[in-house]
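S.K.: Submitted below is the structure of interest, expressed as structure tokens.
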Amino acid sequence: MSKIRMNTEYRNKFYNRIKDVFEKEETQEQQAFLQAREDFNVAQKSTFELANQVVERSYPKEDVATLRTFKKKYGDPCDVVAKDKCFYFAYTDTDNADDEGKPIENKSHFDFGLFGNLNGSEYSSEDTDQFAHAYFREELKAKGCNPDIIPQQSGKDSNPYKTKHVDMCNKELGKDSSSRYSDNDNTVGMTKDFNAPFYADVIGTSYCRSRAIACTKAEYEKFEQWRMAKADVVSKHSTWVSSITKQCDQLKIGLKAYRYLSEGIELATELGINVDEAELVKTNSTGLTIYNPTNLANMIKGMKNKQSTNTREAKILARKEYESVN
């Protein structure tokens, strides 16, 4: 094989080609993330159906219809009905009391929007951004965005590079940045489409934070379980991206040390990736090997939790064993 010297352009091509394969591999981390996203979709639909029932108990359909008739007849003075996707649900715990002997009221904010909070706050946070990026990961990747930027930057201080990519993702999703309150929904695009099925009619002109809607303890717990399913998408996304990042960090070190193109091709081959030297050279415009290609390939392969090709039952068992130690 010809001794074509490695350069930055070749290294970048090897890196991007191999990284792309890492992201598409069916590892346990990848499958756990995809499953968490599917589980959330199921929980989102069923839990909103419950939320809508709870809301209608407090704001009956016939009252909503009557008020809309009054608005049509009398105008803005009767404009007291609106659609909302976030609600304060509350229940009184009669089995427990506070220091004064009064039953404890449990109340929290539940937002069914794409950028709805994951912790009961009215305001969005980095976790809410990450959820939205992870949920529409494939669509954002197709548009040249980096939906993995938040977990990739985990543990690092805020910086312009991270901010740039977060803003690109949010803009592409159509996030409303004009208001800090989730009640004011001026979203567009993917965010608007996601939010559209999850609105219920409420009566009142104040923000949802001043409008607590009564529910039962069982209903409240169902809402909390739904929010945990949403948080699980973020957690599983972080775990998966972290596994890819660790592999890519080793890949960068190895590629930086290689002097010749042949070493990069050997590495790719050891990883089971086909790289055509002629194509690399054709598209190209322009010391000492610390990481032996075979050793580096083995190191990276050892960092993977490859998805088993066994039966469905074996896959489920393997996943349970994996999650029990993570």
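S.K.: Let me know the Kirkwood hydrodynamic radius for region 1-118, please, with Cα pairs as the basis and the value in Å to one decimal.
M.R.: 20.5
S.K.: Using unit Cβ charges (K, R positive; D, E negative) and no other charged atoms, how large, in debye to the nearest 20, is the dipole of region 1-110 about its Cα centre?
M.R.: 1100
S.K.: Along the charge dipole of region 59-142, which of 119, 78, 60 sits closest to the positive end, that is, farthest toward it, with unit charges on the beta carbon of Lys, Arg, Asp and Glu (+1, +1, -1, -1)?
M.R.: After comparing all options, I get 78.
S.K.: Relative contact order of region 77-170: what whole-number percent is it, with Cα pairs under 8 angstrom and at least 6 residues apart?
M.R.: Reported as a whole number, the value is 17 percent.
S.K.: Still on this structure: Given 141/246; 19/222; 192/222, which pairs have Cα atoms separated by over 29 Å?
M.R.: With Cα atoms farther than 29 Å apart: 19/222.
S.K.: Quick check on the exposure proxy: order 125, 243, 158 from fewest to most C-beta atoms within 10 angstrom.
M.R.: By the 10 Å Cβ count, ascending: 158, 125, 243.
S.K.: Give me 215, 145 ranked fewest to most by other Cβ atoms within 10 Å of their Cβ, as a rough exposure proxy.
M.R.: Fewest to most other Cβ atoms nearby, the residues stand as 145, 215.
S.K.: Could you work out the pair-distance distribution P(r) of region 119-176 from its alpha-carbon pairs, with 5 angstrom bin width and percents rounded to whole numbers?
M.R.: In order of increasing distance, the bins hold 4, 20, 32, 24, 16, 4, 0 percent.
S.K.: Tell me, 100, 139 in order of fewest to most beta-carbon neighbours within 10 Å?
M.R.: Ascending number of Cβ neighbours within 10 Å: 100, 139.
S.K.: In debye, nearest 20: dipole of region 1-65 around its Cα centre with unit charges on the Cβ of K, R (+) and D, E (-)?
M.R.: That gives region 1-65 a dipole magnitude of about 780 debye.
S.K.: For the pairs 156/217; 175/301; 45/171; 83/230, note any where the Cα-Cα span goes beyond 28 Å.
M.R.: Pairs exceeding 28 Å: 156/217; 175/301.
Rule-based calculations on the coordinates, nothing more; no lab input. These figures come from a predicted structure and were not determined experimentally. Cβ sites come from the backbone with ideal geometry, for glycine too, and all protein chains shown count toward neighbours.
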